[in-house]
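The values are calculated or read from the model by the stated rules, or taken from the named source; none is laboratory data. Please read these numbers as outputs of a predicted model, since none were measured by experiment. For neighbour counting, all protein chains shown are included, and Cβ atoms are generated from backbone atoms with ideal geometry for every residue, glycine included.
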Amino acid sequence: MTVLSWKGEALRVHEQTIDETDQLIAAALQINGRASWGEVARALELPERTVARRGQQLFDRGLVRVSTYVDVSRVLHARAVVLRVTTTPGDLWGVARELASKSIASSVSVLEGSNDVACMMLPRSEEAVRELLYSEIPEMSGITSINAVTVLKFFRSGHDWEPGILTSEQQQALKKTAEVDADLAGEISEEEDALIDLLLHDGRMPVAQLASQLGVSSATVRRRMESLTARGLMHPRTEVVPAVFGLRMEALVWFKAPMDKVEAFGQSLAHASEIKFIVATTGASQLLANVIVADETALYEFVTGEQVTCHEGLEVLDMLVVLTPLLRGSLRVDEGPEASTGIVPVVRPSAGAIGS
């Protein structure tokens, strides 16, 4: 997938000009959200002052936010639930915004051609799931029906998606690996939990500041971060508004697949650059994917193309364009009626950096 076919021209995102330099910086931050401006500049072979100025502008304009991705089951003990909520026409946007404001919300979208809102919630216990489904949401005004399914497996959870505009050399220069002696099955300590909470607020918080707030040394903070990363429990997550990369068409696609092929199909589709997020769920469909492409033609070509049709037995059960994404991890995106803020960052310490 090529997203820089307009090379040399400027792209406008919500009346804000974006050029190739901005795209490269955003893509670099997706590879390593904690990379210093100097490290980004060296990887991209750009002046550090330019990278620092442009990068900070992306943050200030709410187009990019760095937070932290954590394993929802082991760190937060959360159960991912995907909801499709139908509303009365006049209550659509109010319901969507109320869902997006919940601390356990990870992703909220208004779907085209319906009065439906799709969202992922991350309640932390079975009791919280029941409270959400049988009390909180039914008591919301304007809801006519609720369909809920449980996520059984994440094949791609969004944190590892990137647009494919950096060279392999640039990606490698931005990646950091460390040899850490860590128990992969180890539990999360109270100190690690406190560190994760700070990084959920600000994924680029300097080590010295983290150490100061936690009351430990910088060396201790680094060891804990390296240990959490080595155990696969935590790493930086960078959310970028897709339009920054020229990707203006987003859709949710529900796939039906033979049960004995769900694993293979999910693993295969997770490698498609058009798919930002794909999970196996309970319910009538076995796989749910969030597809992001340039336009309607690209969406058609993807669902009818080899990457989908090569899987014998895989069927598109339903497909709806996302009219407006309201929440994507730690980014609040709201272009609905009477929306006054456009794109703004939102801090969600419990669940905002997880999921789609």
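Brief remarks on what is shown
- Candidates 101, 141, 109, 145, filtered to the one that is under 28 Å from residue 262 (Cβ atoms) and surrounded by fewer than 16 Cβ atoms within 10 Å (Cβ to Cβ): 145
- Any pair with Cβ under 7 angstrom, 6 or more apart, that starts in region 218-233 at a residue that is farther than 14 Å from residue 203 by Cα and ends at one that is basic (Lys, Arg): 233/74
- Among (1) assigned to a loop (DSSP other than H, G, I, E, B); (2) at pLDDT 90 or above; (3) among the hydroxyl-bearing types (Ser, Thr, Tyr) - the single one residue 50 does not satisfy: (1)
- Any hit, region 228-248, residues being part of a strand (DSSP E or B), in contact with a His (Cβ under 6 Å, 6 or more places away or on another chain), basic (Lys, Arg) and under 19 Å from residue 151 (Cβ atoms): yes
Here's the yes/no breakdown for (1) crowded, with 20+ Cβ neighbours inside 10 Å; (2) under 16 Å from residue 202 (Cβ atoms); (3) not charged (D, E, K, R):
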site: 35; (1), (2), (3): yes, yes, yes
site: 44; (1), (2), (3): yes, no, yes
site: 47; (1), (2), (3): no, no, yes
site: 58; (1), (2), (3): yes, yes, yes
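- Filter result for residue 190 (under 20 Å from residue 236 (Cβ atoms), of a type in the set (D, E, K, R), at pLDDT below 90 and over 22 Å from the mean Cα position of the chain (by Cα)): no
- Assessment of region 293-300 against the conditions (in a loop (DSSP other than H, G, I, E, B), of a type outside the set (Ser, Thr, Tyr) and farther than 19 Å from residue 151 by Cβ) yields at least one matching residue.
- Flag for residue 288 being aliphatic (A, V, I, L, M) and either part of a loop (DSSP other than H, G, I, E, B) or at pLDDT 95 or above (or both): yes
- Across region 20-56, the number of residues qualifying as under 21 Å from the mean Cα position of the chain (by Cα) and within 28 Å of residue 226 (Cβ to Cβ) comes to 14.
- Meets criteria (within 21 Å of residue 327 (Cα to Cα), more than 15 Å from the chain's Cα centre (by Cα), buried (at least 21 other Cβ atoms within 10 Å of the Cβ) and at pLDDT 95 or above) for residue 253: yes
- Condition check for residue 330: among the hydroxyl-bearing types (Ser, Thr, Tyr), surrounded by 15 or more Cβ atoms within 10 Å (Cβ to Cβ), modelled with pLDDT under 95 and in contact with a Leu (Cβ under 9 Å, 6 or more places away or on another chain): yes
- Tally of residues being part of a helix (DSSP H, G or I) and closer than 19 Å to residue 329 by Cα across region 194-208: 7
- Set 213, 171, 209: member being out of contact with any strand residue (DSSP E or B) (no Cβ under 7 Å at 6 or more places or on another chain), of a type in the set (S, T, N, Q), at pLDDT 90 or above and within 23 Å of residue 232 (Cβ to Cβ): 171
Rundown of residues vs (1) in contact (Cβ under 8 Å) with a residue 40 or more places away in the chain; (2) within 26 Å of residue 62 (Cβ to Cβ), yes/no style:
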| site | (1), (2) |
| --- | --- |
| 275 | yes, yes |
| 284 | no, no |
| 299 | yes, yes |
| 304 | no, no |
| 307 | no, no |
| 314 | yes, no |
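- Residue that is nearest to residue 65 (Cα to Cα) [pool: residues in region 155-170 that are of a type in the set (S, T, N, Q) and not in a loop (DSSP other than H, G, I, E, B)]: 157
- Matching residues in region 90-112 - criterion: being at pLDDT 90 or above, touching a Ser or Thr at 6+ places or on another chain (Cβ under 8 Å) and not small (Gly, Ala, Ser): 91, 95, 110
- Scanning region 16-56 for residues that are touching a Gly at 6+ places or on another chain (Cβ under 8 Å) and among the small types (Gly, Ala, Ser) returns a single hit, 33.
- The lone criterion from (1) of a type outside the set (Phe, Trp, Tyr); (2) touching a His at 6+ places or on another chain (Cβ under 7 Å); (3) surrounded by fewer than 22 Cβ atoms within 10 Å (Cβ to Cβ) left unmet by residue 209 is number (2).
- Filter result for residue 156 (in contact with a Phe, Trp or Tyr (Cβ under 9 Å, 6 or more places away or on another chain) and of a type outside the set (Phe, Trp, Tyr)): yes
Listed here are the residues, each with its yes/no results for (1) charged (D, E, K, R); (2) within 23 Å of residue 65 (Cα to Cα).
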position: 247; (1), (2): no, yes
position: 268; (1), (2): no, no
position: 300; (1), (2): no, no
position: 309; (1), (2): no, no
position: 312; (1), (2): yes, no
position: 326; (1), (2): no, yes
